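A short worksheet on the structure shown next.
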Ligand SMILES: [Zn+2]
């Protein structure tokens with residue numbers, strides 16, 4: 001019997017919606033009145049997913065994957081959320097839209113999320129989820145001459161709005177990376193990366209204290225928009241007294257501005273993804289410094305959470321609520337950081 005593509009599609013969707021690993025759609029809808037239409041069989045034209053009157057919040061950094069029948073060896077509580085679990089979390093936290101970041105380099109997890117999978121997930125919730133594509137620089141031929149243009153172009157045509165989360169654990173300015181970055185710049189997609197303090201034992205591209213390799217990339221590819229993320233990136237918001245601190249979450253007041261501030265002033269193609277403990281720590285460890293930082297770089301900071309475990313606190317959400325309610329940053333900066341910058345950068 002011939003495969004019927006429509007039937008296959010429907011079966012897959014039914015599987016996604018009904019698998020025992022997911023929260024039941026009806027249960028979510030029942031618990032969250034007014035959002036039940038979201039969980040109806042995909043209806044791209046009419047799904048009223050963004051409730052009228054709710055403030056817009058765009059999260060530029062989350063992870064999800066399709067449920068699998070394989071019992072993957074992940075510790076309890078550290079499982080990637082399924083798409084429905086993600087949507088339920090977004091509703092609970094008041095997040096309007098999310099950027100779904102595929103995971104394709106082998107250093108990070110025992111789960112890969114391909115670009116194809118991310119695009120398929122986002123196609124089920126087009127008003128809520130925005131796909132990025134992702135590649136590893138060793139793709140195609142593991143060569144500094146590999147041609148990524150056709151692949152990146154195909155991803156862009158499929159609706160991908162950027163590249164990331166990019167984290168091969170090789171030096172940031174490795175010739176393999178430089179070859180790829182040149183082509184990402186040419187295709188015109190922003191790149192979101194994770195930086196690491198070492199090669200080996202980590203995921204993320206390696207940079208030295210003071211981020212000299214990042215500066216080299218920013219200088220060499222001035223039209224490549226880079227969204228910086230991770231402990232190694234954000235630790236440099238303050239001057240590093242002890243370079244060992246950069247693998248973690250340095251606390252306390254920032255007495256002297258760090259390299260990150262200098263790089264953001266000098267390179268307009270450097271943006272900041274404030275997701276995860278690293279981004280949140282950077283903007284909140286010294287509140288007054290954080291407010292000034294957000295005002296100065298209000299055009300290049302993007303709200304994010306890095307929601308990647310099914311049970312996970314998202315401290316950015318109450319923090320930004322506090323910023324708004326307490327008028328701790330300007331209304332203009334708040335709006336830009338929580339959604340306008342992402343909307344502009346991603347052409348939403
Ligand atoms: Zn992430």
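The values are calculated or read from the model by the stated rules, or taken from the named source; none is laboratory data. From a predicted model like this one, the values you see are computed outputs, not experimental measurements. Methodologically, a virtual Cβ is constructed for each residue, glycine included, from the backbone with ideal geometry; neighbour enumeration extends over all protein chains shown.
Only one of 74, 107 is surrounded by 15 or more Cβ atoms within 10 Å (Cβ to Cβ), assigned to a loop (DSSP other than H, G, I, E, B) and at pLDDT below 95. Can you tell me which? Please lay out each step first, then the result.
On the way: 74 fails: surrounded by 15 or more Cβ atoms within 10 Å (Cβ to Cβ).
Of 74, 107, the one residue that is surrounded by 15 or more Cβ atoms within 10 Å (Cβ to Cβ), assigned to a loop (DSSP other than H, G, I, E, B) and at pLDDT below 95 is 107.
Scan the range 135-156 for residues that are surrounded by fewer than 21 Cβ atoms within 10 Å (Cβ to Cβ) and under 20 Å from the mean Cα position of the chain (by Cα) and jot them down.
Within the range 135-156, 136, 156 meet the criteria.
Return the total of residues in the range 158-210 being assigned to a strand (DSSP E or B) and more than 16 Å from the ligand (Cβ to nearest atom).
Within the range 158-210, the first condition is being assigned to a strand (DSSP E or B), and the residues that meet it are 163-166, 171, 191-193, 195-196, 205-206.
Next, only the ones that are more than 16 Å from the ligand (Cβ to nearest atom) stay: 171, 206.
The total comes to 2.
Check the range 333-345 and report whether any residue there is within 16 Å of the ligand (Cβ to nearest atom), farther than 17 Å from residue 271 by Cα and part of a helix (DSSP H, G or I).
Residues of the range 333-345 that are within 16 Å of the ligand (Cβ to nearest atom), as a first pass: 342.
After this cut, where a residue has to be farther than 17 Å from residue 271 by Cα as well, the list is none.
No, that holds for no residue.
Consider residue 288 against the criteria (1) part of a helix (DSSP H, G or I); (2) under 17 Å from residue 60 (Cα atoms): it satisfies all of them except one. Which criterion is unmet?
Every condition holds for residue 288 apart from (2).
So which residues in the range 55-101 are within 15 Å of the ligand (Cβ to nearest atom), touching a residue at least 60 places away in the same chain (Cβ under 8 Å) and more than 17 Å from residue 313 (Cα to Cα), if there are any at all?
The answer is 99, 101.
Tell me, which residue of the range 274-291 that is farther than 12 Å from residue 237 by Cα and more than 16 Å from the ligand (Cβ to nearest atom) is surrounded by the most Cβ atoms within 10 Å (Cβ to Cβ)?
Residue satisfying both the conditions and the ranking: 291.
Are any of the residues in the range 48-59 modelled with pLDDT of 95 or more, under 30 Å from residue 331 (Cβ atoms) and part of a loop (DSSP other than H, G, I, E, B)? Lay out the reasoning, then the answer.
Pass one, the range 48-59, residues modelled with pLDDT of 95 or more: 57-59.
Still in the list and also under 30 Å from residue 331 (Cβ atoms): 57-59.
Those still in the list that are part of a loop (DSSP other than H, G, I, E, B) too: 57.
Yes, that holds for at least one residue.
Give the residue, chosen from 271, 267, that is on the phi < 0 side of the Ramachandran plot and more than 16 Å from the ligand (Cβ to nearest atom). Step through it out loud before you land on a result.
Numbers: 271 fails: more than 16 Å from the ligand (Cβ to nearest atom).
Being on the phi < 0 side of the Ramachandran plot and more than 16 Å from the ligand (Cβ to nearest atom) holds for just one of 271, 267, which is 267.
Of the numbered conditions (1) surrounded by 13 or more Cβ atoms within 10 Å (Cβ to Cβ); (2) modelled with pLDDT of 50 or more, residue 19 fails exactly one; give the number of that condition.
(2)
Restricting the search to the range 223-233, which residues are within 16 Å of residue 172 (Cβ to Cβ) and away from the ligand (no atom under 13 Å from the Cβ)? If you could, list the steps in order and put the result at the bottom.
Within the range 223-233, the first condition is being within 16 Å of residue 172 (Cβ to Cβ), and the residues that meet it are 224-233.
Of everything in the range 223-233, those that are within 16 Å of residue 172 (Cβ to Cβ) and away from the ligand (no atom under 13 Å from the Cβ) turn out to be 224, 225, 226, 232.
I'm told residue 37 meets every condition in (1) within 30 Å of residue 154 (Cα to Cα); (2) at pLDDT below 60 except one. Can you identify the failing condition by its number?
With respect to (1) within 30 Å of residue 154 (Cα to Cα); (2) at pLDDT below 60, residue 37 is out only on (1).
Do the conditions hold for residue 170, that is, is it touching a helix residue (DSSP H, G or I) at 6+ places or on another chain (Cβ under 8 Å), assigned by TED's automatic domain parsing to the domain that holds residue 183 and more than 29 Å from residue 200 (Cβ to Cβ)? Lay out the reasoning, then the answer.
Details: touching a helix residue (DSSP H, G or I) at 6+ places or on another chain (Cβ under 8 Å): yes; assigned by TED's automatic domain parsing to the domain that holds residue 183: yes; more than 29 Å from residue 200 (Cβ to Cβ): no.
Criteria not met by residue 170.
Could you say whether any residue in the range 302-322 is more than 19 Å from the chain's Cα centre (by Cα) and surrounded by 17 or more Cβ atoms within 10 Å (Cβ to Cβ)?
Checking the range 302-322: not a single residue is more than 19 Å from the chain's Cα centre (by Cα) and surrounded by 17 or more Cβ atoms within 10 Å (Cβ to Cβ).
Condition check: modelled with pLDDT under 95 and surrounded by 18 or more Cβ atoms within 10 Å (Cβ to Cβ). Does residue 166 satisfy that? Break it down into steps so the answer makes sense when it comes.
Values: modelled with pLDDT under 95: no; surrounded by 18 or more Cβ atoms within 10 Å (Cβ to Cβ): yes.
No.
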